[in-house]
Amino acid sequence: MLSITINNLHFPNPFLLASGILDESADTMFRIIKHGAGGVVTKSIGMKKRGGYQNPVIYELPYGLINAMGLPNPGIEAFGEEMKKLKNCGVPVIGSIFGGTTDEFVYLAKKMENYGADAVELNLSCPHAKGYGMEIGVNPNLVAEIVGEVKKSVSIPVWCKLTPNVTDIVEIAKAADKADALVMINTLKAMAIDIEAQRPVLSNTYGGLSGPCVKPVGLRAVYDVFKEVDKPIIGVGGVCSWTDALEYFMAGASAVQIGTAIATKGPTIFAEISRDVADWLKKHGYDSIKDVVGVAHR
């Protein structure tokens, strides 16, 4: 009932671990898989080891989180050991990568393929790392170039993670027309100010806003792109309950990724959402989660 196939990859359920939460090592990803995730996306990995920003890097709000981690990662060469441990983990493993140039993305994608990744997710949307992510992802010409060159260089599916920090996300989605699937959205560029210190809370000033407050933005992005682009969509942003997930499916997502809710509710959220969505499908006479994808467009 909950199993899905995207780009010929079989997922036992459509609830995937989003990049950036409990995915820095094979051990943490195994933990999430044991709790029922249908697939995992690794931490975004770059060319070289990166330490990230100094604390404070996370600020909790009543309606979500702002984070500016700075893309900390061990570098692609060191991450190979973690990928090897994930072989035969039972679910698809998606390797997330970020780069500053097309050549870097191509190199990283090839490495992830060699490490055994089932697909690669291009991080073209991080809002707080200078020279990476969103700074590339707002330019449709660069998006088209990077996606096209990576697609020519690897045989595994290429997923493109889009930024909501644009005037028209449909334009960017169309620029990524060579991608095998679209992942949307990444976090919204945001900030917070400490009124006693009279300065920004985060060391980087700006961060990415995630959690329940961004769900309406993510839903709108999925809904708009589903109407215009014929590709599988993986919805991300504010999925904290089974009702949130169903909204994304109805807007046009074939799967959803869960991130911030793991930090606020714990990894058991995967099993809980799977159970509750399955119960809803049975109650409403649906045989498969695929039957509700895009129903809000009817």
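The values are calculated or read from the model by the stated rules, or taken from the named source; none is laboratory data. As the structure is a computational prediction, the values presented were derived from the model and not from experiment. For neighbour counting, all protein chains shown are included, and Cβ atoms are generated from backbone atoms with ideal geometry for every residue, glycine included.
Among the conditions (1) among the hydrophobic types (A, V, I, L, M, F, W, C); (2) out of contact with any Asp or Glu (no Cβ under 8 Å at 6 or more places or on another chain); (3) over 24 Å from residue 167 (Cα atoms); (4) surrounded by fewer than 22 Cβ atoms within 10 Å (Cβ to Cβ), residue 202 misses just one, which is (4).
The combined condition, being under 17 Å from residue 19 (Cβ atoms) and modelled with pLDDT of 95 or more, is not fulfilled by residue 285. Put simply, of 181, 255, 176 the only residue that is under 18 Å from residue 19 (Cβ atoms), crowded, with 22+ Cβ neighbours inside 10 Å, over 13 Å from the mean Cα position of the chain (by Cα) and modelled with pLDDT of 95 or more is 176. Of all positions in the stretch 102-114, at least one carries a residue that is polar (S, T, N, Q) and either closer than 30 Å to residue 167 by Cβ or in contact with a Ser or Thr (Cβ under 6 Å, 6 or more places away or on another chain) (or both).
Elements of the type helices (runs of 4 or more DSSP H) sitting completely within the stretch 179-289 and holding at least 3 residues that are touching a residue at least 24 places away in the same chain (Cβ under 8 Å) and either closer than 23 Å to residue 158 by Cα or among the acidic types (Asp, Glu) (or both): these cover 215-228, 242-251.
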